[in-house]
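J.: Quick one: the structure is below, and I'll ask about it shortly.
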Amino acid sequence: MADLNELTAFAAVARLRSFRQAALERGVSASALSHALRALEERLGVRLLNRTTRSVTPTEAGQQLLARLAPAMREIDDALLDLSALQDVPAGKLRLNVPRPAARLLLAPMLAGFVARYPRVQVDVVTDDGMIDIVRDGFDAGIRFGEQVAADMIAVPVGAPQPFVVVASPAYLAAHGAPNTPRDLLAHACIGRRFPSGRQYAWEFGQEGDAVSIAVSGPLVFDDDALMLCAARDGAGLAYVYAADARADLAAGRLVCVLQRCLPPPSRYFLYYPSRRQMPAVLRAFVDMLRAPAI
């Protein structure tokens, strides 16, 4: 018979479709996890996972087992969370899934203070710019812009609204001129932003009743804000970036804002988590800190 540790290990690999990711989640080596699951399969007499050099997928038997295990494991997790919520002092691990900009702009300035205040807490932050199911993937909470949060989640605003700016270097503007309207961007070199899905971001402008999206083009496309800013400083084109990231370059004159009157209202990030009968003490403490005026 399999023990609970083996079954949770199998469920992690089957859910994440990766020995490496499951090993990171469980704090063990990928090779140890692989050996343990092979032993489980041999003891049960059935193959649970199909393995190739590039992928791991559950077999039909593995899918059936995972479907039966998932509800039971959620019950176990909820039972343990209910117990942890009764603790006077928050303790344990808090797993967060956060876009890289939110991790940099919002979480980084406050995490040191949070763990100093609660020394028995470990915050595990996974930066991920894609959209995920935090319940399925084993996270306590996530952070996304408000319009991206599912309606069945509890959402708490995090920090101040985050405005965007369109910037370019003085050298680029001297050579090519500044756009006067969003549609002028179609004649400019624009540094593209690519989402994890592969879709390229269409730059957004205007107020709610007068919104327009421009499918810009240019010689460079990135999925990283720091690279966009570097390329803009070097004169490669215009970039659509977080105002907070560009602040130092704007103050030093390395970059210049354009189209300021055409930009949409700032968007706001939200911490979101599933409604549970009993919120874990560690998550409650984190939410309370986010709601504090200094955050």
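The values are calculated or read from the model by the stated rules, or taken from the named source; none is laboratory data. Source: prediction; values computed, not measured. Positions of Cβ are backbone-derived with ideal geometry, glycine not excepted, and every protein chain shown enters the neighbour counts. To get the accessible areas, we keep the full protein, side chains included, count just its heavy atoms, and leave off ligands, DNA and RNA. Shrake-Rupley method; radii C 1.70, N 1.55, O 1.52, S 1.80 Å.
J.: Could you give me the radius of gyration and the Dmax of the stretch 4-68, taking only the C-alpha atoms into account and expressing both in angstrom?
T.: So, for the stretch 4-68, Rg and Dmax equal 10.5, 28 Å respectively.
J.: Taking Rh as the Kirkwood radius, which is the inverse of the mean 1/r over Cα pairs, what is the Rg/Rh value for the stretch 109-229?
T.: Taking Rh as the inverse mean 1/r over Cα pairs, Rg/Rh reads 1.04.
J.: Accessible area of the chain with a 1.4 Å probe: how many percent of it is carbon plus sulfur? Walk me through the numbers on the way to the answer.
T.: Numbers: 8360 of 15750 Å².
Exposed carbon and sulfur together represent 53 percent of the surface.
J.: Moving to a separate point now. Might you tell me the accessible area per residue for the chain, computed with a 1.4 Å probe and given in Å²?
T.: For the chain, the per-residue accessible area is 53 Å².
J.: Hey, another quick one. With viscosity set to 1.567 mPa s at 4 °C, what whole-number translational diffusion coefficient in µm²/s follows for the chain from Stokes-Einstein and a Kirkwood radius over Cα pairs?
T.: Working: Rh = 22.0 Å.
Approximately 59 µm²/s, per Stokes-Einstein.
J.: Using only DSSP helix segments of four residues or longer, with each worth -39500 (n - 2.57), what per-residue ellipticity at 222 nm results for the chain after dividing by its residue count and rounding to 500?
T.: Per the formula, -11500 deg cm²/dmol.
J.: Please report the base-10 log of the normalised intensity I(q)/I(0) for the stretch 164-258, using a Debye sum with one equal scatterer per alpha carbon and no solvent, at each q in 0.10, 0.18, 0.19, 0.22 (1/Å).
T.: Relative scattering, expressed as log10 I(q)/I(0), comes to -0.23, -0.77, -0.86, -1.15.
J.: Students often get this wrong: which residues of the stretch 36-74 have the backbone nitrogen under 16 Å from the point 7 angstrom along Cα-to-C-beta of Lys93?
T.: The answer is 74.
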